[in-house]
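Nothing in this text is a laboratory measurement; each read-out follows from the coordinates by a stated rule. All figures in this text were calculated on a predicted structure; none of them were measured in a lab. FYI the Cβ positions are ideal-geometry reconstructions off the backbone, even for glycines, and counts take in every protein chain you see.
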Amino acid sequence: MSVEFAAFCELHEPRYRSYARVWFQEPGAAHRVVRLALHAIAAVWPTVLESPNPAAEAWQILRDTVTEQHNGTAGAAGTSGLRPDIEGDEDLAILHYVVGLATPEIADVMGGDTASITSQLRQTHRRRTTDW
């Protein structure tokens, strides 16, 4: 494991796990899914680093892994009734309102800029206030 990837994991794994817990209520399942995602990221790490936005690339791998694993366990104990194949702006709302991340942290995790994240959160809040 490269030093860069180890640092990436140390920074992002706790936040990834908090996000995964929204979809997998059993902590062990959330941890397992995040480990699968990190292994998938490690397998393409050089490509992730060469991308214009490595954090966004890694976030997409996490989302894909969460969706795949959630769909494979639909109806199983420890999964929520929610669906992880949601719009990206809803991910922002989940990270902010459910997980409790501040907008700079969300920007860091998802690979966006703080101003865009703030604007998207406002729009999502206006559209979805009745859903939360």
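With both labels modelled 7 Å from their Cα along Cα-to-Cβ, the T114 to A7 distance reads 2.1 nm. Using θ = phi - 60° in the Karplus curve 6.51 cos²θ - 1.76 cosθ + 1.60, the 3J(HN,Hα) couplings for segment 18-35 round to 4, 5, 4, 5, 5, 8, 10, 5, 6, x, x, 5, 4, 4, 4, 5, 5, 4 Hz; x is entered for Gly and Pro. Listing L101, L49, L36 from fewest to most neighbouring C-beta atoms within 10 Å gives L49, L36, L101. Rounded to the nearest whole Hz, the Karplus-based 3J(HN,Hα) values (6.51 cos²θ - 1.76 cosθ + 1.60, θ = phi - 60°) of segment 95-109 follow the sequence 4, 7, 7, 9, 6, x, 7, 6, 4, x, 5, 4, 4, 5, 5, with x at glycine and proline. For segment 1-83, the dipole from Cβ point charges (+1 on Lys and Arg, -1 on Asp and Glu) about the Cα centre works out to 340 debye, to the nearest 20. Each residue in H70, H31 was given a count of other beta-carbon atoms within 10 angstrom of its own, and listing them fewest first yields H31, H70. Per-residue Cβ neighbour counts within 10 Å put D108, D113, D64 in the sequence D113, D64, D108, beginning with the fewest.
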